[in-house]
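Student: Quick one: this structure, given as structure tokens, is what I'll be asking you about.
The values are calculated or read from the model by the stated rules, or taken from the named source; none is laboratory data. In this text, all values refer to a predicted model and were calculated from it rather than measured experimentally. Don't worry about glycine lacking a Cβ; one is built from the backbone with ideal geometry, like all the others, and counts go over all protein chains shown. These accessible areas exclude ligands, DNA and RNA; they are computed on the full protein's heavy atoms, side chains included. Shrake-Rupley method; radii C 1.70, N 1.55, O 1.52, S 1.80 Å.
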Amino acid sequence: GSNIDDEDRLYFKSFIDNAFNRIIKCIKDVDSLLNKFSSKLTDSVKFEVNRLQSDSYFKTFQYAKAAQSDSYILKHFAHSIPKKDIDDIRNDFTKFNALKKVPPQQTIIKSSTSILWKKDKIGLIEIPVTAHSQTFNGIFDTRANISSITQTYARKLGLRILNASYNESSGATGITFKTGIGIADSLLIGNIIVRNAVFQVMPDSILYISFIKFQLNIIIGFPVIEQLQEVDLFKDGRMVIPLTPSESGLHNFALDGLDPVISLKSGNDTLSFDFDSGAVTSELYVAYFEKYKKLVLKTGVKKSAEFGGAGGSQKKEVYVLPTFSADLGDQPATINSITILTKKIYPKERFYGNLGQDFMANFKEMVFNFKYMYVKGVN
């Protein structure tokens, strides 16, 4: 309401604009906040909004400015931030600084496009991607913060490799490895042209999932998917990217940094989940376990499970619930035998779980709209 002062209003508005993908507005909010109220802001607020600014610049492909924001943070706030955060910011700075002369990614959609997707042998959605008139399959992964590729495929796609190397770690396993950066000057997805797409170039071994002997080669991540504005995924194997994204009264989709987040209604509660088209199965996080402990202990079965991904695997104690039900908009969804974690698996975990393809399988069609920020299921 009206009793909130201007600096607080701008502060909250900047986070809200960022979360709902109004990135240009977020950048303006932070600029006004820092221009008008700099002397009143605490170091921790300055750190937070500069970090938000760096995220916003990266999302709008203004790499030099993203590097500037991170360099400002490292110069002024390094003494007061946890080491883990400093390492992340140093890595981001290295990445953005290497990209500073790369033109912004541009996606050119001249007409509605329909492409065929298929599942690979581990059940992940793959779409055809063409570069230098050769077509390869890439995994469609909303939760990959940046597209990734093996060194072998970076050569096959003729990527321009930049002179940079930084540390990256695998979410599920925490294993750290060195990665490089490559640029695809032009990629085709159906008849859509994506220019200047940025890829993390990784050692082939990091994208090899040893316990199922499976090599991942190309992962198409959030920055490419988001610029498509709307993706309609049909169960029958079609993916349609309309020329004009459609509006909806539904607003159940947000961004947490580069991670897409969906809200579902579960009983009387509204719960937020990471949305991960690059996961075959969904899982519920420790926050769900804590909130519904009675239910979980009563109906769940305790077991030890293996969690794996790029980089390795780990064993963890979990519960398995026979069914989990929730509504996406006005459409009911059910996941059978869902795993519930009893401890944090990702250091930055802050939602109730991660929704994968077993969740998506509830619908004949799913619409992901990054312009008006909603996800809907159609049956």
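Student: Compute the projected area of the convex hull of the Cα atoms of segment 1-122, averaged over all viewing directions, and report it in nm² to one decimal place. Walk me through the intermediate numbers first.
Tutor: Working: hull surface 48.6 nm².
The number I arrive at for segment 1-122 is 12.2 nm².
Student: Quick one: grab Rg to one decimal and Dmax as a whole number for segment 68-170, Cα atoms only, in Å.
Tutor: Looking at segment 68-170, its Cα Rg and Dmax stand at 17.8, 51 Å.
Student: Now for a separate question. How big is segment 206-274 along each principal axis, measuring the range of its Cα positions in Å and listing the largest first?
Tutor: Principal-axis extents of the Cα atoms in segment 206-274, largest first: 43, 35, 29 Å.
Student: Quick one: if you take sqrt(5λ) for each eigenvalue of the C-alpha gyration tensor of segment 167-281, what semi-axes come out, biggest first, whole angstrom? Numbers along the way, then the final one.
Tutor: Numbers: eigenvalues 150, 96, 42 Å².
Sorted largest first and rounded, they come to 27, 22, 15 Å.
Student: Leaving ligands, DNA and RNA out of it, work out the accessible area of Glu290 with a 1.4 Å probe and give it in Å² to the nearest 10.
Tutor: Here the residue's solvent-accessible area equals roughly 100 Å².
Student: Then there's this: For each pair in Lys118/Lys348; Lys121/Lys316; Lys28/Lys95; Lys213/Lys315; Lys291/Lys348; Lys156/Lys316, compute the distance between the two Cα atoms and list the pairs where it is over 27 Å. Show your work: numbers first, answer last.
Tutor: Values: Lys118/Lys348 31 Å; Lys121/Lys316 25 Å; Lys28/Lys95 24 Å; Lys213/Lys315 18 Å; Lys291/Lys348 18 Å; Lys156/Lys316 38 Å.
Pairs exceeding 27 Å: Lys118/Lys348; Lys156/Lys316.
Student: What does the charge count near Thr323 come to, summing +1 for each Lys or Arg and -1 for each Asp or Glu among other residues with Cβ under 15 Å from its Cβ?
Tutor: Numbers: positive: Lys298; negative: Glu283, Asp327, Asp358.
Summing Lys and Arg as +1 and Asp and Glu as -1 gives -2.
Student: Considering only protein heavy atoms, what per residue accessible area in square angstrom results for segment 231-379 with a 1.4 angstrom probe? Could the numbers behind the result be given before it?
Tutor: Working: 6750 Å² over 149 residues.
Value for segment 231-379: 45 Å² per residue.
Student: At 1.4 Å probe size, put Thr152, Thr323, Thr179 in order of accessible surface, largest to smallest. Could the numbers behind the result be given before it?
Tutor: Values: Thr152 45, Thr323 75, Thr179 5 Å².
Largest to smallest exposure gives the sequence Thr323, Thr152, Thr179.
Student: Based on the Kirkwood radius over alpha-carbon pairs, what value in µm²/s does the Stokes-Einstein equation return for the translational diffusion coefficient of segment 305-379 at 25 °C and 0.890 mPa s? Let's see the in-between values first.
Tutor: Working: Rh = 14.5 Å.
Taking Rh from Cα pairs, D becomes 170 µm²/s.
Student: With each run of n ≥ 4 DSSP H residues scored as -39500 (n - 2.57), what mean residue ellipticity at 222 nm is computed for the chain after dividing by its residue count and rounding to the nearest 500 deg cm²/dmol?
Tutor: Working: 10 runs with 107 residues, N = 379.
Calculated mean residue ellipticity at 222 nm is -8500 deg cm²/dmol.
Student: From the protein chains alone at 1.4 Å, what is the descending order of accessible area for Arg350, Arg195, largest first? Please report the intermediate quantities before stating the final value.
Tutor: Numbers: Arg350 145, Arg195 90 Å².
So, going from the largest accessible area down, we get Arg350, Arg195.
Student: Can you compute the radius of gyration and Dmax for the chain, using only the Cα atoms, both in Å?
Tutor: According to the Cα coordinates of the chain, Rg and Dmax are 20.8, 60 Å.
Student: Could you run the Debye sum over the Cα atoms of segment 251-352, one equal point scatterer each and no solvent, and tell me log10 of I(q)/I(0) at q = 0.15, 0.19 Å⁻¹, two decimals?
Tutor: Result of the Debye calculation: -0.64, -1.05.
Student: Still on this structure, I have one more. Determine the order of Phe140, Phe12 by accessible area, beginning with the largest, at a probe radius of 1.4 Å.
Tutor: On the way: Phe140 0, Phe12 105 Å².
Ranking Phe140, Phe12 by accessible area, largest first, yields Phe12, Phe140.
Student: Using the Kyte-Doolittle scale, find the helices of the chain whose mean hydropathy is at least -1.0 and whose Cα atoms extend 18 Å or more along the helix's long axis, counting only whole DSSP H runs. Please report the intermediate quantities before stating the final value.
Tutor: On the way: long enough: 6-19 (20 Å, -0.88); 23-37 (21 Å, 0.51); 43-59 (24 Å, -0.92); 63-77 (21 Å, -0.38); 83-99 (24 Å, -1.04).
Once both thresholds are applied, what remains is 6-19, 23-37, 43-59, 63-77.
Student: Mind grabbing the base-10 log of I(q)/I(0) for segment 12-81 at q = 0.26 Å⁻¹? Debye formula, identical points on the C-alpha positions, no solvent, two decimal places.
Tutor: -1.22
Student: Return the FRET efficiency for the residue pair Thr152, Ile193: r is the Cβ-Cβ distance, R0 is 30 Å, and the value is rounded to the nearest 0.05. Show your work: numbers first, answer last.
Tutor: Values: r = 25 Å, r/R0 = 0.82.
For R0 = 30 Å, the calculated efficiency reads 0.75.
Student: May I ask which residue of Ile139, Asn354, Thr179 lies farthest towards the positive end of the charge dipole of the chain, with charges of +1 (Lys, Arg) and -1 (Asp, Glu) on Cβ and the Cα centre as origin?
Tutor: Going by the Cα projections, it comes out as Thr179.
Student: Right, another one. Take peptides 266-272, 157-163, 89-95 and line them up by average Cβ neighbours within 10 Å, highest first, as a rough protection proxy.
Tutor: On the way: 266-272: 13.3, 157-163: 15.6, 89-95: 19.7.
Most protected by this proxy first, the peptides run 89-95, 157-163, 266-272.
Student: Could you list which residues have their amide H under 5 Å from that of Asp256, counting only those 5 or more apart in sequence or on another chain, with H placed in the peptide plane?
Tutor: The list, which skips near neighbours in sequence, is Val261.
Student: Distance between the C-alpha centers of segment 257-290 and segment 181-242? Whole Å please.
Tutor: The two parts, judged by their Cα centres, are 22 Å apart.
Student: How large is ³J(HN,Hα), in whole Hz, for each residue of segment 260-270 in order, when computed from phi with the Karplus curve 6.51 cos²θ - 1.76 cosθ + 1.60 and θ = phi - 60°, using x for Gly and Pro?
Tutor: Working through the residues one at a time gives x, 10, 10, 9, 10, 8, 10, x, 8, 9, 10 Hz.
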